[in-house]
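The values are calculated or read from the model by the stated rules, or taken from the named source; none is laboratory data. For clarity, every value in this text was computed on a predicted model and none was experimentally measured. Cβ atoms come from the backbone with ideal geometry, glycine included; neighbour counts cover every protein chain shown. In case anyone asks, the SASA skips ligands and DNA or RNA and just uses the protein heavy atoms, side chains included. Shrake-Rupley method; radii C 1.70, N 1.55, O 1.52, S 1.80 Å.
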Amino acid sequence: MDHHEGFREFVLARQQALVRTAYLLVGDPHLAEDLLQSVLANVVGQWPKLVRDGNPEAYTRRALVNQYISWRRRPRPESPSATLPEHGFSPVEAALDRLVLRRALARLTRKQRAVIVLRYWEDLTEAQTAEVLGCSVGTVKSQTHHALARLRTLAPELMNAEAEEALR
């Protein structure tokens with residue numbers, strides 16, 4: 001019998017929600033992933049007990065908060081860098097970007113918007129997206145291509161060199 005049966009499925013099903021919670025706690029996407037990874041490494045060791053007792057998600061969320069508080073108590077040494085980042089994170093800029101993106105998304109066709117949301121927010125594969133939408137993988141690919149081109153036209157201010165490169 002596999003003591004970790006169901007753990008992988010749990011992580012796949014709840015990962016996005018758990019990362020979102022971690023992000024809201026730490027305010028940095030990379031630290032959020034580190035926090036969740038650290039917590040999941042501990043949760044997997046407790047998995048058989050958690051499944052037997054009932055609510056692994058509640059335990060994992062509580063572990064996220066506890067680990068976050070523990071991280072905050074422990075001072076972290078700064079790691080200086082010779083180069084400064086080109087663009088720092090600004091909550092105001094992020095909020096403005098979200099507004100611009102929402103407006104641009106609203107101007108896509110329903111299918112294009114659905115493809116973008118499923119592929120990039122829900123992180124589904126092309127095949128999974130096709131299954132959800134009841135269409136072919138080729139349709140998902142073409143709708144994604146057209147939607148991204150339209151977003152580039154509607155909201156060019158959201159595009160930076162890294163985003164452009166990632167979308168190619």
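Below, the figures for the structure above:
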item	result
Residues of region 122-140 classified as over 22 Å from LEU158 (Cβ atoms), open to solvent by 50 Å² or more (accessible area, probe 1.4 Å) and part of a loop (DSSP other than H, G, I, E, B), total	3
Sole exception among (1) at pLDDT below 80; (2) over 22 Å from ARG20 (Cβ atoms) for LEU148, by number	(1)
All positions within region 89-121 that are surrounded by fewer than 12 Cβ atoms within 10 Å (Cβ to Cβ), not hydrophobic (A, V, I, L, M, F, W, C) and not in a helix (DSSP H, G or I)	SER90
Among the residues listed as ALA41, ALA32, ALA58, the single one being surrounded by 12 or more Cβ atoms within 10 Å (Cβ to Cβ) and among the small types (Gly, Ala, Ser)	ALA32
Test: residue in region 1-11 that is under 16 Å from ASP123 (Cα atoms), within 10 Å of the chain's Cα centre (by Cα) and open to solvent by 70 Å² or more (accessible area, probe 1.4 Å)	no
Search result, residues across region 15-55 that are over 22 Å from TRP121 (Cβ atoms) and either touching a His at 6+ places or on another chain (Cβ under 9 Å) or of a type in the set (Gly, Ala, Ser) (or both)	SER38, ALA41, VAL44, GLY45, TRP47, PRO48, GLY54
Residue match in region 121-134 (condition: over 21 Å from the mean Cα position of the chain (by Cα), at pLDDT below 75 and closer than 24 Å to GLN15 by Cβ)	no
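Quick grid of which residues meet (1) part of a helix (DSSP H, G or I); (2) farther than 23 Å from ALA94 by Cα; (3) at pLDDT 90 or above:
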| residue | (1), (2), (3) |
| --- | --- |
| VAL11 | yes, yes, yes |
| ALA32 | yes, no, no |
| LEU50 | yes, yes, no |
| THR60 | yes, yes, no |
